[in-house]
Amino acid sequence: MCIRDRYQRRVRGKSRFQIMSKPMLGLCLWPMLVAVAAPIPAPQGLQGHDDENWPVTLMGPNQTVTPTLSERYAVLATMHPGIRRYNMYWSAFEPTPSSNDSSRVCAPGYELHPLSPGGMHDFHRFHCYSTAQLRQFDLIFSLDRSIGAQGAAILYSAPDWATEPNCTGFVFGKDRIRAGCVPTSGAMPDYEDMVTLFASRYSPHLKHYIVWNEVASAGWMDCSPQVPNRAGPNGESPLTELEFEFWVNKYAEMVQRTNTAVERQAPAEGYMIWTSNDRQWDRPFQGDGDPLHTGVRPFLDRLWTKLGTDFSWNLAVHPYDRGNPMDAGEMDPSYGHRAYTFATLDLVREYQRSQVRAVGGIDPDSARGQSFTWMYASEQGWPTPSCCDNPTRARNICLAHALSVQTAQLLAVTHNYFHDNQNGSEQGGQDYGLIPGNVSGTLANGRGHPTFDAYNATSPGVFGKSDDNFCCRNWRVGCASMYKLGVLDPIQTTGGLPPAVVLHGWAWSTDAPKAGMEPVRVNVSIDQQLIMSGIANETRPDLVEAGVAPSPMHGFTVGLPSSSCTGIQTGRHRISVHAQTGAGVWWELQSSPQCLCDFVPCAC
């Protein structure tokens, strides 16, 4: 039987899809579901939180609200978070196998779903799910809903009984992780049942479903033993084409089953199905025995041939970086193996647009086409000690948000670990907690901590509304006013034949594209006559170190034409440099003009 033959029957008229037919994978004729654009559940704000640990810690007995938890949510409400994201580990909900026995009795602390054979129309089997886990999210989602936030679930970590016993996992820091071991074929209906439970219990609050984690990595999506999960000698990929197909087919089925389960509940407000993608756009350089990575783009190339445009699915992206979200260098083709950051998410969206047109034959600017080109920056962060101290991480929260605001179809952002656990948010040997752990569970003493202040500044009621917020005061992003900054360094002259004049300096404007990251144009004039133009795009790391610009690519070096140098060897001459904002406004740089008297710097 074709998988989607069963899907078609189970929808029973509730689907927003029209049924057609096409061959798929050479296996059989699968019904093609032609998507009708669904409403996009727009969050109240762009910035959100990954914050499950503290609410769980602050709960009272039997998953009840405590005064401390209420105080925390009173502070969170002032931030107007868009999405609050949670790991909803299947293994935590269902540690014991499912059953076909309707008379099954669950152990204490677990409850039967569905309750009777009459409820089987939405389920494949009977399950004993953890009552404590269900009630925990009942409370968390209720509190999130009270502050206007939407819910997002990472659907991950199959229980041992649902995975291959010989799935090896991988070493990450001091831990061996098997959470990525995928469900067996026989357990795939159980995976779908888990999603059905979440969608039926937590809709319409739970609107975002992220399927598994960083699936182009065999560490985080482990199909062993059917598929090798380690790089070979010299880091080469040992994958055969059939093994790669198995990997992608497994994930495609998980995405399809997720959509089927959620669609069955038909939430009128809309929902989003997200695939999980790390930042390694091309296959990275790997060492012998590293967890195998295919590269995100090669994986998506194949995934598009499986999913097509049958239903709306979009990309959850993880735009980590080397310490500055405005770093765009790793997506340059010359880099060797490309990796995206917040600064280059527009290139990821362009890839999706090209696939919508090529695979689906759909105009990517149409409502239906745009339903495949949304992005959700669901995980990224700046770990300590390998990356950044807290002031730098606060800067990065501001810069990432400034870029996100200007990135088309970026629906939401949730950084990894909103608030450090009291014992640290260690992951892979690094601590990712952004708001430090010595900030209390109520967040009442958060002000004055740079990362807390940065989060507050990215609230939709603050960012871009005034110049008196943390991000604007410190990094000139999120300001109501436009800032134009730049300096002409002291002019250097060299006599002889031919004479030479070299100008150095820097310029940037908050009004330039990508939150001021894009370079601005500079004009050089002598005695008010335009001589030449150039682009301020040279590397000046000292700008970032001094805190005068968010990214280094704003320097310029200009050598005046020989004819101009010859003409100013005698007498007094004024040399000035102006720069142009993104809106086309020209301004003169600080320390401009500068004068030469008989080819020697002098006062103007």
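Results, tabulated for the structure shown:
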item	result
Restricting the stretch 258-285 to residues that are open to solvent by 10 Å² or more (accessible area, probe 1.4 Å) and of a type in the set (A, V, I, L, M, F, W, C), the residue that is nearest to Asp310 (Cα to Cα)	Ala266
Residue satisfying all of: in the stretch 211-228; of a type in the set (S, T, N, Q) and under 17 Å from Val296 (Cβ atoms); nearest to the chain's Cα centre (by Cα) among these	Asn213
Wholly within the stretch 492-604, strands (runs of 3 or more DSSP E) carrying at least 2 residues that are touching a strand residue (DSSP E or B) at 6+ places or on another chain (Cβ under 7 Å) and crowded, with 21+ Cβ neighbours inside 10 Å	500-509, 521-526, 553-559, 572-580
Sole exception among (1) farther than 30 Å from Ala512 by Cα; (2) touching a Leu at 6+ places or on another chain (Cβ under 6 Å) for Leu589, by number	(1)
Residue check, Thr442 in contact with a strand residue (DSSP E or B) (Cβ under 6 Å, 6 or more places away or on another chain), in contact (Cβ under 8 Å) with a residue 24 or more places away in the chain and open to solvent by less than 40 Å² (accessible area, probe 1.4 Å)	no
Out of Tyr110, Tyr86, sole residue that is in contact (Cβ under 8 Å) with a residue 24 or more places away in the chain and not hydrophobic (A, V, I, L, M, F, W, C)	Tyr86
Considering residues of the stretch 61-75 that are surrounded by fewer than 14 Cβ atoms within 10 Å (Cβ to Cβ) and assigned to a loop (DSSP other than H, G, I, E, B) only, the residue nearest to the chain's Cα centre (by Cα)	Thr66
Residue in the stretch 76-83 that is farther than 23 Å from Phe198 by Cα, open to solvent by 60 Å² or more (accessible area, probe 1.4 Å) and in a helix (DSSP H, G or I) present	yes
Near pairs, Cβ below 6 angstrom, 6+ apart or cross-chain, from the stretch 391-402 (under 11 Å from Ala457 (Cα atoms)) to any residue that is at pLDDT 95 or above and assigned to a helix (DSSP H, G or I)	Ala394/Pro450; Ala394/Thr451; Ala394/Ala454; Ile397/Ala454; Cys398/Ala454; Cys398/Cys471
Which numbered condition Ile362 fails, given (1) within 18 Å of Thr305 (Cβ to Cβ); (2) open to solvent by 10 Å² or more (accessible area, probe 1.4 Å); (3) part of a helix (DSSP H, G or I)	(3)
Among residues of the stretch 157-174, those that are in a strand (DSSP E or B) and either of a type in the set (Gly, Ala, Ser) or in contact with a Gly (Cβ under 8 Å, 6 or more places away or on another chain) (or both), counted	2
Count - residues of the stretch 171-190 that are under 26 Å from the mean Cα position of the chain (by Cα) and either over 16 Å from Asp222 (Cα atoms) or open to solvent by 10 Å² or more (accessible area, probe 1.4 Å) (or both)	10
Test: Arg476 is open to solvent by 50 Å² or more (accessible area, probe 1.4 Å) and at positive phi	yes
In the stretch 365-391, the residues that are assigned to a helix (DSSP H, G or I) and over 20 Å from Ser551 (Cα atoms)	Ala367, Arg368, Gly369, Gln370
Index of the failed condition, Ala394 passing every other in (1) outside any helix (DSSP H, G or I); (2) within 19 Å of Asp50 (Cβ to Cβ); (3) open to solvent by less than 40 Å² (accessible area, probe 1.4 Å); (4) of a type outside the set (Asp, Glu)	(1)
Total residues in the stretch 117-130, condition open to solvent by 50 Å² or more (accessible area, probe 1.4 Å) and either closer than 30 Å to Val462 by Cα or part of a loop (DSSP other than H, G, I, E, B) (or both)	1
Subset of the stretch 327-365 (residues that are among the polar types (S, T, N, Q) and touching a residue at least 40 places away in the same chain (Cβ under 8 Å))	Thr341, Gln355
Evaluation of Ala199 against (1) of a type in the set (A, V, I, L, M); (2) open to solvent by 50 Å² or more (accessible area, probe 1.4 Å); (3) in contact with a Leu (Cβ under 9 Å, 6 or more places away or on another chain) (one fails), failing number	(2)
Any hit, the stretch 71-91, residues being in contact with a strand residue (DSSP E or B) (Cβ under 8 Å, 6 or more places away or on another chain), among the β-branched types (Val, Ile, Thr) and within 30 Å of Phe311 (Cα to Cα)	yes
Positions within the stretch 84-110 being of a type outside the set (S, T, N, Q) and either part of a helix (DSSP H, G or I) or surrounded by 15 or more Cβ atoms within 10 Å (Cβ to Cβ) (or both), in sequence order	Arg84, Arg85, Tyr86, Met88, Tyr89, Trp90, Ala92, Phe93, Glu94, Pro95, Cys106, Tyr110
Qualifying residue in the stretch 181-195 (condition: of a type outside the set (A, V, I, L, M, F, W, C) and in a loop (DSSP other than H, G, I, E, B))	yes
Cβ pairs under 6 Å, 6+ apart, first in the stretch 186-209 and closer than 16 Å to Pro114 by Cβ, second open to solvent by 10 Å² or more (accessible area, probe 1.4 Å) and among the hydroxyl-bearing types (Ser, Thr, Tyr)	Asp190/Ser98
Considering residues of the stretch 235-257 that are within 18 Å of Leu155 (Cβ to Cβ) and aromatic (Phe, Trp, Tyr) only, the residue surrounded by the fewest Cβ atoms within 10 Å (Cβ to Cβ)	Tyr251
Count of residues meeting criterion [closer than 24 Å to Ala149 by Cβ and over 23 Å from the mean Cα position of the chain (by Cα)] in the stretch 442-500	10
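The values are calculated or read from the model by the stated rules, or taken from the named source; none is laboratory data. Everything quoted here is computed from the prediction, not taken from an experiment. Cβ coordinates were reconstructed from backbone atoms using ideal geometry, including for glycine residues, and neighbour counts include every protein chain displayed. Ligands, DNA and RNA are stripped out before the accessible areas are found, and what is left, the full protein with its side chains, is counted by its heavy atoms. Shrake-Rupley method; radii C 1.70, N 1.55, O 1.52, S 1.80 Å.
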